[in-house]
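Visitor: There's a structure below that I have some questions on.
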């Protein structure tokens with residue numbers, strides 16, 4: 001007698017996608033769950049749950065997510081709808097928008113920071129381009 005040993009798929013928001021060490025992605029990454037970057041991404045990252053950039057991870061593009069933990073290098077906009085943690089080994093260049101923000105001693109941040117529930121930036125909206133932003137007059 002055999003039993004059905006069907007594989008049950010995890011809900012998309014519970015799946016963790018990994019860009020491993022030595023891997024390079026050129027283009028945008030989009031996931032319902034979480035994305036962990038230990039390699040290099042040249043493009044934007046959108047994750048419904050979380051983005052983690054490991055200490056050897058590099059992102060050259062914008063990050064849009066609920067929660068983010070950054071230990072590596074990011075050049076671009078980071079928008080964390082809930083929480084952003086920037087660890088001591090990180091190097092950030094660009095705009096940071098987060099409801100809650102933790103910056104560890106030793107981290108390097110060159111750019112602007114907006115915090116709180118009302119933090120909004122025209123350049124940080126998903127799908128917008130920096131040239132779409134209108135300067136304040």
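What follows draws every value from the coordinates through simple rules; no lab data is involved. For clarity, every value in this text was computed on a predicted model and none was experimentally measured. Positions of Cβ are generated from backbone atoms using ideal geometry, with glycine treated the same way; all protein chains shown enter the neighbour counts.
Visitor: Need the full-extension length gain, residue 82 to residue 112, defined as separation in residues times 0.36 nm minus the C-alpha distance. One decimal, nm.
Guide: Values: separation 30, 0.36 × 30 = 10.80 nm, distance 1.77 nm.
Using 0.36 nm per residue and subtracting the Cα-Cα distance, I get 9.0 nm.
Visitor: So if I take the centroid of the Cα atoms in segment 22-65 and the same for segment 74-110, what is the distance between those two points in Å?
Guide: Segment 22-65 and segment 74-110 have Cα centres separated by 14 Å.
Visitor: Another one. Modelled label-to-label distance, residue 75 and residue 89, 7 Å Cα→beta-carbon offset: nm?
Guide: Here the modelled spin labels are 2.1 nm apart.
Visitor: Sorted from fewest to most neighbouring beta carbons within 10 Å, what does the list 64, 101 look like?
Guide: Details: 64 22, 101 19.
Ascending number of Cβ neighbours within 10 Å: 101, 64.
Visitor: How big is the convex hull of the Cα atoms of segment 12-118, per residue, in Å³?
Guide: Numbers: hull volume 8.1 nm³, N = 107.
Expressed per residue, the convex hull around the Cα atoms of segment 12-118 is 76 Å³.
Visitor: Decide, for segment 42-101, between rounded, prolate and oblate: order the square roots of the alpha carbon gyration tensor eigenvalues as a ≥ b ≥ c, take rounded if a/c falls under 1.5, and otherwise choose prolate if a/b is larger than b/c, else oblate.
Guide: In terms of gyration-tensor shape, rounded.
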